[in-house]
Each structure stands twice: as structure tokens, then as C-alpha cells.
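The values are calculated or read from the model by the stated rules, or taken from the named source; none is laboratory data. Only a predicted model underlies this, so the values are computations on that prediction, with no experimental measurement involved. Positions of Cβ are backbone-derived with ideal geometry, glycine not excepted, and every protein chain shown enters the neighbour counts.
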Amino acid sequence: MSDSNGGFIAFLRRPSAKYSLLTLLAVGFISGIFFWGGFNTVMEATNTLEFCVSCHEMRDNVYVEYKETIHYTNRTGVRAVCSDCHVPKDWTYKMIRKIQASKEVYGKIMGTIDTKEKFEENRLRLATNEWARMKKSDSRECRNCHSFGGMNVEKQKARASKMHKIAQDDKKTCIDCHKGIAHKKPKNMPEEDDDE
């Protein structure tokens, strides 16, 4: 047994062109830690409110609207920032969302929403895409803070209590009823979506 362990250690110490395999593994391991740390630091930096509103398209349009909502200012002082609603917490889903967001960067570079008028022209398309993503994930990001299981419908106002009970029975998800909760609804929404 000790011979086989000694042979393995000798193999690790044997030079590959210039450095031993053990040295290459150690350097690779340390480099991997730095890469992973840097990668995660960048990922988290792109999830901050400051990053999200750093471009004027967001700062001058949806950020202004968001500042007027309960997600920004409320009696408890708890604030949901852009990434709380638009970026999943789970690593796999987060990476998928970040890749999808690269299309938004392309849109910024191409100037598809660089003026208020262009943004309003595209608002319905942008909102519809986001609502579809949220519905497909069963409003996963909403449920990080809100869930039917955590609600006490008896303490809610009568209308909210009634609607949440109906939503549970009909297997609805948050975005089915709460469009426009953090941003203005598009002016040209289809009527069936406008009354929610």
C-alpha cells in the first residue's frame, strides 16, 4: 500500500516539461480560487441597484417609477432592488438570466431604447417578455419575499384576502394579478391584461 502511495506522490512530483505536476496543480487550484472569486464578485456587482440604474435608459424611465412604489419606500423600511425581482437567487437560474440579459446590453449598444419615446414604444414588448419569464418560473423571485404559505389572509383587507384565496384555488402566480406593481403598465396593453 505504501509503495502505491509513494509511486503516486512521485508521479505528482515528476516534472512535466519544466514544472512538477504537483506545482501545476497547486498553481491551477490557486488560480481557480482567484478566478471564481473574481467571477462571483462581478456577478454580485451587476446585481446592485447602482449598477442597474447606471445607464440612463433605466435611470430615466423605470427607476423613476420604481421610486414611487411600495417596493422602494414602505412602513417597514425593507427595499426590494432590481435584482430581487429580475435575477434569480439560485446559481443556475442566475447564470441563465445573466446570459439572457446580454441581449439587453446589445439593445443598449444599438440604441433601441435610448430615448423616452423609444422606451415607451418598446415598453409593452419589454414588459410582456418579463411577465412571461416570471409566469414561467411561477413568480420565483416574488416568492423570495412573498408566498401563499407565509400569508395570513385573515389579516388582509377583504378584497386582498378574497383574491389571494381565488388565486391559490386557481393555481395562479403573482404576476397573473400584480402587473404594474413596481413599474407603470404599458399604455397599449390588451384589455384582458389591463384590469389585473
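Scanning region 153-190 for residues that are in a loop (DSSP other than H, G, I, E, B), farther than 23 Å from residue 72 by Cα and without any contact (Cβ under 8 Å) to a residue 12 or more places away in the chain turns up 170, 171, 172, 190. Of everything listed in (1) over 21 Å from residue 107 (Cα atoms); (2) in contact with a Lys or Arg (Cβ under 8 Å, 6 or more places away or on another chain); (3) free of Cβ contacts under 8 Å to residues at least 40 places away in the same chain, the single unmet condition for residue 71 is (3). Return only the number of the condition from (1) of a type in the set (Ser, Thr, Tyr); (2) assigned by TED's automatic domain parsing to the domain that holds residue 123; (3) modelled with pLDDT under 75 that residue 2 does not satisfy. Single failed check for residue 2: (2).
Among the residues of region 42-58, which ones are within 11 Å of the chain's Cα centre (by Cα) and charged (D, E, K, R)? Listed by number, the list holds a single entry, 44.
Of all the residues in region 70-100, those that are more than 16 Å from residue 140 (Cβ to Cβ) and out of contact with any His (no Cβ under 8 Å at 6 or more places or on another chain) number 11. Taking the options 128, 73, 92, name whichever one is surrounded by 14 or more Cβ atoms within 10 Å (Cβ to Cβ) and among the hydroxyl-bearing types (Ser, Thr, Tyr). Result of the check over 128, 73, 92: 128. Pairs are defined by a Cβ separation below 7 Å, a sequence spacing of at least 6 or placement on different chains, a first member in region 120-143 that is in contact (Cβ under 8 Å) with a residue 24 or more places away in the chain and part of a helix (DSSP H, G or I), and a second member that is surrounded by fewer than 15 Cβ atoms within 10 Å (Cβ to Cβ) and not aliphatic (A, V, I, L, M); the pairs so defined are 124/188.
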